[in-house]
Each structure stands twice: as C-alpha cells, then as structure tokens.
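The values are calculated or read from the model by the stated rules, or taken from the named source; none is laboratory data. Because the structure is predicted, anything quoted here is derived from the model rather than measured. Every residue, glycine among them, receives a Cβ derived from its backbone with ideal geometry; neighbour counts consider all protein chains shown.
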Amino acid sequence: VQILDQLLTLKREQRKGIAILIDPDKVDEQSHPALLRSLEAAQPDLVFIGGSLITQERFDAKVKALRQAIDLPLVLFPGSPTQLTRHVDAVLFLSLISGRNPELLIGHHVTAAPRVRELGLEAIATGYMLIDGGMPTTASYISNTLPIPRDKPEIAAATAMAGELLGLRALYLDAGSGAALPVSSETIEAVRKATDLPLIVGGGIRTKAQKAAAYEAGADLIVIGTAFEEAVAGGKSEVRGQRSEV
Ligand code: 1GP
C-alpha cells in the first residue's frame, strides 16, 4: 500500500502533490534525455503512465524502458485492461463512477483482476469522475459516457460520496486530456467537502494560476499531461493565449 499511503500522507500533511502523466506511446529511448530533464525540472511526486491505443507487447517494453530511466514511483493509469505491466509500483484500479457504462464499472475489472494479482501490483481502488471540460475528449468518446456537467458541483459531490460509501480509496476528477477548461474550483470544493478521500485532479491544467486554484479548492494531487509533453518537445508553448508554466 505504499502509493496509497503516499496519497494519504499528501492529504494529511496538506502537502500539495504533482503527478506527471506520460503516454508511453509518445516517448522512445531517443526522447528519454529530454523527458528526464523535464522531469527533473518538474519535480513530481509520482509519474502516471497511461493513455493511448498501444499494443500490449509494446506497452510492456516501453514501460520497462521508462522504469529503467526514471527514479520515481510509477503508477499505471490504464486506458484498458490490456495496459497492465509488472514494471510499475501501483495501478489505479479505476471505476468510472461518473458514467453508466457497466464495462467501466465492473466488466474490465473482472478481466484485469487475475492479472493484477499475478503481477502482485498495488491496486488503488479509485473513483474516476469525468467532468465536462468544455469539449469532447478522448476519455468521454472512448468510454462512451457523458461527463458530469461543469456547473453541477452537487452531482459531483453526490457521486464522490457514493464512491466513498462503496469503499473506494481515492477520487480522480478529470476534465480529460487537453481539456479547454480544467475542473472548476466549485466542483473541487464540493467534492472536497463531501468526502475525506485523497483527491486527484487533472485535465487541462497548464498554468501556475490553474495549479494554485486546484490546490486551493482542495486537490491533493494534480495531474499534468499535455503541458508537460509540450515542455519535453521544447515548447514554451503558447496555448489559448496562456504560456504553459509546467
Ligand atoms: C488526463 O488528467 C490527465 O487524464 C491530464 O490531462 O493532458 O490535459 O494535462 P492534460
């Protein structure tokens, strides 16, 4: 339970954490030096691994190479039950509790459970909540679910409460990768008040102000994917008029 303990410690000590999300399909060994330099600059607490449409065999090899290069805890953020590998410290065992797709509430878990056990991975039961980020994202399209509307913090709060009552150990509020708008402070605050679980927040976070707002509203760990990828690619990129500060 080391990684869950790390999340609980972040929360208990009100030490705001950061996780960098790496899509193994977008990195190869040539890009490792740039990746490592950017990780050094970002100083994350955790590295999340996951994302795109990648075959199982290549996934395993890519994550193994990352494991050898990166001296930080690696946590799988799986996009499908085939994205399991022994070369990580833990897996977010995600239930998409904002949606009503039974495969993502229990089906994939049944498929994945024997392999998670076999690999001896720490599995962190996580209530994953997609929140509308102003545009359709890969996550809402692939999961075939509707996100929780941005302006309905009470629905997010009730969903989070249900997750806690069901025994989940962490919550992840996600506006989806590359979201136009990150999860609102009102939604984060409502969920923070509704539960005691460690709170992970991601999707569309690019600027220092957005990070600070998420922490201020009650996030324990924020997840940065797209803005980090741009930093690795050498981009001090201008996106929607805001300079990426990650
Ligand atoms: C997506 O929360 C993560 O699941 C990260 O999102 O790529 O927008 O940073 P970004």
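Quick one: which residue in Glu229, Glu154 is out of contact with any Asp or Glu (no Cβ under 9 Å at 6 or more places or on another chain) and acidic (Asp, Glu)?
Glu154
Any idea which residue in the range 122-150 is nearest to Ser98 (Cα to Cα), counting only those that are in a loop (DSSP other than H, G, I, E, B), more than 11 Å from the ligand (Cβ to nearest atom) and not aliphatic (A, V, I, L, M)?
Pro147
Would you be able to tell me the number of residues in the range 197-212 that are part of a loop (DSSP other than H, G, I, E, B), within 11 Å of the ligand (Cβ to nearest atom) and closer than 22 Å to Leu8 by Cα?
So the answer is 1.
Any residue that is surrounded by fewer than 22 Cβ atoms within 10 Å (Cβ to Cβ), outside any loop (DSSP other than H, G, I, E, B) and either within 14 Å of the ligand (Cβ to nearest atom) or modelled with pLDDT of 95 or more (or both) - is there at least one of those in the range 169-177?
Scanning the range 169-177 turns up no residue that is surrounded by fewer than 22 Cβ atoms within 10 Å (Cβ to Cβ), outside any loop (DSSP other than H, G, I, E, B) and either within 14 Å of the ligand (Cβ to nearest atom) or modelled with pLDDT of 95 or more (or both).
Can you list the strands (runs of 3 or more DSSP E) found entirely within the range 1-118 that contain at least 3 residues being within 19 Å of Val201 (Cβ to Cβ), within 16 Å of the ligand (Cβ to nearest atom) and in contact with a Leu (Cβ under 8 Å, 6 or more places away or on another chain)?
Ranges flagged: 17-22, 46-49, 90-96.
Only one residue in Asp151, Asp89 is charged (D, E, K, R) and either over 17 Å from the mean Cα position of the chain (by Cα) or over 25 Å from Leu7 (Cβ atoms) (or both), so which one is that?
Checking each option against the conditions leaves just Asp151.
Among the candidates Thr111, Thr137, Thr85, which residue alone is crowded, with 20+ Cβ neighbours inside 10 Å and either more than 30 Å from Glu40 (Cα to Cα) or touching a helix residue (DSSP H, G or I) at 6+ places or on another chain (Cβ under 9 Å) (or both)?
So the residue among Thr111, Thr137, Thr85 that is crowded, with 20+ Cβ neighbours inside 10 Å and either more than 30 Å from Glu40 (Cα to Cα) or touching a helix residue (DSSP H, G or I) at 6+ places or on another chain (Cβ under 9 Å) (or both) is Thr85.
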